[in-house]
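The values are calculated or read from the model by the stated rules, or taken from the named source; none is laboratory data. Fair warning: this is a prediction, and the values are worked out from it, not measured in the lab. Virtual Cβ from ideal backbone geometry, glycine too; neighbours counted across all protein chains shown. Just so you know, the surface numbers come from the protein's heavy atoms only, side chains and all, with ligands and any DNA or RNA stripped out. Shrake-Rupley method; radii C 1.70, N 1.55, O 1.52, S 1.80 Å.
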Amino acid sequence: PAPIAVNAEAGLLAVAVVAGAPLAPKDVHRPEALRALGEKLARLHALDVDAPRLDLAAASERYARLANGSEPVKLAGEAIRLLASLPLDGKACLCHNDLHPANLIQTPDSGLRLVDWEYAGLADPCFEFAVLAGQNGLAKAELAIALQGYRAAGGRAGLTGDLVTAWISLYHCIQQLWQAATGKRPGRH
């Protein structure tokens, strides 16, 4: 959504209302929605922007500190180990990083809009698709449809389902740490 007003000191951002409705969780699994989302992500990842880099290791450590316990510390260590072992797709690009149904708005003109950019930043696109798959419980065949839409719209050819699957465990670690730190469950922002 287009920004209307920003007050960085106060941490406030006002944006235009996006006409439409959030996707229902079941709608994310529809082939046409997966293809459209893949296409949308290809356009997003192609943008040349100056944005902060998403530091998944620092986020893991921060969530563990906020959760304050030995289990979150262990989980953060596991997330950092996973991150160090993961294959990288390449250059970081602008990613949304929070692709659950409430953040996917179906517009009246049948378009798809992404909202809630709180976790956006430069990241490996593998993490973006790991978030999509992990957050929404996508099967491998469903992930493949989203990736087909991504590549058809000019997304990175080397981004494969196997590469993304390797990142899903990292996403789950970070999701569990976020839940422990905030007391929230996925989809309850």
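Let me know the Rg and Dmax you get for segment 87-127 when you use only its Cα atoms, in Å.
Reported Rg and Dmax, both Å: 12.2, 39.
Using 0.36 nm per residue of separation minus the Cα-Cα distance, give me the extension gain between LYS184 and THR165 in nm, one decimal.
Full extension from LYS184 to THR165 adds 4.4 nm.
Quick one: with all protein chains in place, what share of the accessible area of the chain is carbon or sulfur, to the nearest percent (1.4 Å probe)?
Carbon plus sulfur share of accessible area: 56 percent.
So if a site counts as exposed when it's one of the GluC sites (Glu not before Pro), its DSSP state isn't H, G, I, E or B, and it has at most 15 other Cβ atoms within 10 Å, what's the longest stretch of the chain without one?
The longest uninterrupted stretch comes out as 10-117.
If you build a Gaussian network model of the chain, linking Cα atoms that sit under 10 Å apart, which residue out of ALA19, ALA153, ALA79 swings the most?
ALA19
Might you work out the accessible area of VAL6 for me, using a 1.4 Å probe with all protein chains in place, and round it to the nearest 10 Å²?
Rounded to the nearest 10, that gives 100 Å².
What is the dipole size for the chain, taken about its Cα centre, with +1 at each Lys and Arg Cβ and -1 at each Asp and Glu Cβ, in debye to the nearest 20?
320
Express in whole angstrom the spacing between the alpha-carbon centres of segment 118-137 and segment 31-93.
6
Considering only protein heavy atoms, what per residue accessible area in square angstrom results for segment 37-189 with a 1.4 angstrom probe? Mind dumping the intermediate values first?
Values: 7280 Å² over 153 residues.
With all protein chains present, segment 37-189 gives 48 Å² per residue.
Can you give me the orientation-averaged projected area of the convex hull built on the Cα atoms of segment 117-189, in nm²?
Details: hull surface 20.9 nm².
Computing the convex hull of the Cα atoms and averaging its projections yields 5.2 nm².
Just subtract the alpha-carbon distance of ALA141 and ALA157 from 0.36 nm times their residue separation and send over the number in nm, one decimal.
The span from ALA141 to ALA157 would gain 4.0 nm if fully extended.
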